[in-house]
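S.K.: Please read through the structure below; I'll follow up with questions.
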Amino acid sequence: MKGVPPQRTQGMPTPPSFRGAARNLPPPLRGGIKGGASKANANRHVNSTHMTTAQDYRAISADLFEQANIELEAGDLIQASEKFWGATAHSLKSIAEDRGWEHKSHAHFYRIIRNLANETDDKEIIYLFNAADSLHSNFYENWMQEDEIRHFSAQVSQLIHRLANI
């Protein structure tokens, strides 16, 4: 029939570009949460009826940082990368929430980190933040080696500790 796409027949091989793609999906899409995290814990991060407080963001940041290290030790470099980014983002959200600053986009995160660098006269936090942003990019591109991720994760740890003292 003209204009109707051909039906895919059962038993056709999966195109090579999709083989193994499921292992790169976020855990909920892979059929579970890795590293012992509970579904209830995961769901609290996305509960739209709950107003997230600065304290909540700090707790989420700590949870994500811990999970990132678990993922890194398990060899899941993509998930580790994103969770290190998430820990950073939630640390920034905590500070922004306390100060009434917007914190819903990457542009906001860059503004927050610049403001904090100027306020504290600690310009190095901008470079530490860029390490976290590189890990976020790695989640999408998967271009980093494990040693690079370990190096950047140490920088994320430094950043989160500095942010906790601001």
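S.K.: Filter segment 147-166 for residues that are of a type in the set (S, T, N, Q), free of Cβ contacts under 8 Å to residues at least 60 places away in the same chain and in a helix (DSSP H, G or I); which is nearest to ASP98 (Cα to Cα)?
M.R.: For segment 147-166, the residue satisfying everything is GLN158.
S.K.: If we scan segment 97-107, do we find a residue that is in a helix (DSSP H, G or I), hydrophobic (A, V, I, L, M, F, W, C) and either more than 17 Å from the chain's Cα centre (by Cα) or crowded, with 17+ Cβ neighbours inside 10 Å (or both)?
M.R.: no
S.K.: Consider MET144 against the criteria (1) of a type in the set (A, V, I, L, M); (2) over 23 Å from THR52 (Cα atoms); (3) assigned to a helix (DSSP H, G or I): it satisfies all of them except one. Which criterion is unmet?
M.R.: Exception for MET144: condition (3).
S.K.: Another question, if that's okay. Which condition breaks for MET144 when tested against (1) surrounded by 15 or more Cβ atoms within 10 Å (Cβ to Cβ); (2) without any contact (Cβ under 8 Å) to a residue 40 or more places away in the chain; (3) more than 19 Å from ARG114 (Cα to Cα)?
M.R.: Evaluating MET144 over (1) surrounded by 15 or more Cβ atoms within 10 Å (Cβ to Cβ); (2) without any contact (Cβ under 8 Å) to a residue 40 or more places away in the chain; (3) more than 19 Å from ARG114 (Cα to Cα) leaves (2) as the failure.
S.K.: Ok, one more. Please tell me if ILE125 is touching a residue at least 12 places away in the same chain (Cβ under 8 Å), closer than 22 Å to ASP56 by Cα and of a type in the set (Val, Ile, Thr).
M.R.: Judged against the criteria, ILE125 is not a match.
S.K.: Right, here's the next one. Since SER81 meets every condition but one in (1) loosely packed, with under 10 Cβ neighbours inside 10 Å; (2) at pLDDT 50 or above; (3) of a type in the set (Ser, Thr, Tyr), which condition does it not meet?
M.R.: Checking SER81 against (1) loosely packed, with under 10 Cβ neighbours inside 10 Å; (2) at pLDDT 50 or above; (3) of a type in the set (Ser, Thr, Tyr), the one that fails is (1).
S.K.: On the basis of being acidic (Asp, Glu) and assigned to a helix (DSSP H, G or I), does ASP133 make the cut?
M.R.: So ASP133 fits the description; yes.
S.K.: Among LEU116, LEU128, LEU92, which is the only one that is in contact with an Asp or Glu (Cβ under 8 Å, 6 or more places away or on another chain) and either assigned to a loop (DSSP other than H, G, I, E, B) or of a type in the set (A, V, I, L, M) (or both)?
M.R.: LEU116
S.K.: Find the residue count for segment 60-82, including only residues that are without any contact (Cβ under 8 Å) to a residue 60 or more places away in the chain and under 17 Å from ILE160 (Cα atoms).
M.R.: Of the residues in segment 60-82, 7 are without any contact (Cβ under 8 Å) to a residue 60 or more places away in the chain and under 17 Å from ILE160 (Cα atoms).
S.K.: Restricting to segment 44-78, name every residue that is of a type in the set (D, E, K, R) and at pLDDT 95 or above.
M.R.: Selection gives ASP56, ARG58, ASP63, GLU66, GLU71, GLU73, ASP76.
S.K.: Here is a further query. Are any residues in segment 83-131 of a type in the set (Gly, Ala, Ser) and over 12 Å from ARG162 (Cβ atoms), and if so, which ones?
M.R.: GLY86, ALA87, ALA89, SER94, ALA96, GLY100, SER105, ALA107, ALA131
The values are calculated or read from the model by the stated rules, or taken from the named source; none is laboratory data. Fair warning: this is a prediction, and the values are worked out from it, not measured in the lab. Please note: Cβ atoms are built from the backbone with ideal geometry, for glycine as well, and neighbour counts cover all protein chains shown.
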